[in-house]
Amino acid sequence: MMKVFICGDSFACSDADSTVTPWHELLNKTVQVHNLSLTCASNVLISLQVDAAITQGADYIICFGTSVVRHDVKLTSSNPTTTLLDRFYDFTQVLDNSNRDLISYSIMSQHNAPFTTAQHQILKQYQTSFVDLDISIYTNKCVIENTLQKLVDSRIPFIFDQGGFEHTSFSDSTVEYFTRYRSYISDINIWDYAQTRLLRPYFHITNQEIHKTIAEYYVSKINKV
């Protein structure tokens, strides 16, 4: 069975407490899904996921972009010897994070439970005092372009959804990004279907029919390989 790797953020995550079956779990009925996505993942973390998908011999890769307001920091003083990707904290697996000392976070999201009050205040002050949105957009654009070129160079079939990168829900930018990779870009943007910005369900889309439509779309793309 074809091995399909998914690299992304919460829109590709599961939620055991939800009565809705997310699109990637529906996809798993057709192909062998290896889901590397993590809630609140940054574009840097997604790039690490892509590295792993390539190394692990993916037959097809579904890759997402995400918001530029996410950053990566060290969460604890521990020094795990595991891979860089496996060092990242997983919000959905609270009891399985003992060897994870890195975290992708957004000061704008509700996914701040691992931080102490003092840490959260420091991050908030840093964000408001030193982070510039324009340079964040440029930096993340460079990261995504590098990720896309790695995918092209790997010769593994893939599809890319720009996702939360400069999404219209919080950006009025008219810039068309990643035109060099237009032939790989998805016809749908999964962030368009978010009915909630609440923490749960992690995947944000609460309409089962939409998940079915998304799964069918990716199956149609995979079947063309």
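The values are calculated or read from the model by the stated rules, or taken from the named source; none is laboratory data. Since the model is a prediction, treat every value here as computed from it, not as a measurement. Cβ sites come from the backbone with ideal geometry, for glycine too, and all protein chains shown count toward neighbours.
Give the residues of segment 64-80 that are aliphatic (A, V, I, L, M) and more than 16 Å from the chain's Cα centre (by Cα), sorted by residue number. Lay out the reasoning, then the answer.
Pass one, segment 64-80, residues aliphatic (A, V, I, L, M): 68-69, 73, 75.
Selection gives Val73, Leu75.
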Exercise. If you check Phe203 against the conditions, is it modelled with pLDDT under 90, assigned to a loop (DSSP other than H, G, I, E, B) and of a type outside the set (Asp, Glu)?
Worked result: no
Exercise. Among the candidates Phe88, Phe64, Phe5, which residue alone is touching a His at 6+ places or on another chain (Cβ under 7 Å) and either among the aromatic types (Phe, Trp, Tyr) or on the phi > 0 side of the Ramachandran plot (or both)?
Worked result: Phe5
Seminar exercise, completed: Counting only residues in segment 80-122 that are outside any loop (DSSP other than H, G, I, E, B) and either modelled with pLDDT under 80 or charged (D, E, K, R) (or both), the one surrounded by the fewest Cβ atoms within 10 Å (Cβ to Cβ) is identified as Leu95
Problem set entry | segment 151-176, residues that are modelled with pLDDT of 95 or more and over 14 Å from Asn43 (Cα atoms) | Leu151, Val152, Asp153, Ser154, Arg155, Ile156, Pro157, Phe158, Ile159
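Any chance segment 212-224 includes a residue that's among the charged types (D, E, K, R) and assigned to a loop (DSSP other than H, G, I, E, B)? Outline the logic, then answer.
Step one: filter segment 212-224 for residues among the charged types (D, E, K, R), giving 212, 216, 221, 224.
Next cut, assigned to a loop (DSSP other than H, G, I, E, B) only: 224.
Checking segment 212-224: at least one residue is among the charged types (D, E, K, R) and assigned to a loop (DSSP other than H, G, I, E, B).
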Problem set entry | Check on Gln149, under 30 Å from Tyr177 (Cβ atoms), surrounded by fewer than 13 Cβ atoms within 10 Å (Cβ to Cβ) and not aromatic (Phe, Trp, Tyr) | yes
Seminar exercise, completed: Those residues of segment 161-198 that are within 19 Å of Arg70 (Cα to Cα) and in a strand (DSSP E or B) come to a total of 1
Exercise. Restricting attention to segment 17-66, which residues are polar (S, T, N, Q), farther than 17 Å from Asn146 by Cβ, in a loop (DSSP other than H, G, I, E, B) and in contact (Cβ under 8 Å) with a residue 12 or more places away in the chain?
Worked result: Ser18, Thr21, Thr30, Ser37, Thr39, Gln56
Exercise. Does segment 37-67 hold any residues that are touching a strand residue (DSSP E or B) at 6+ places or on another chain (Cβ under 6 Å), more than 29 Å from Asp172 (Cα to Cα), surrounded by fewer than 23 Cβ atoms within 10 Å (Cβ to Cβ) and of a type in the set (A, V, I, L, M), and which are they?
Worked result: none
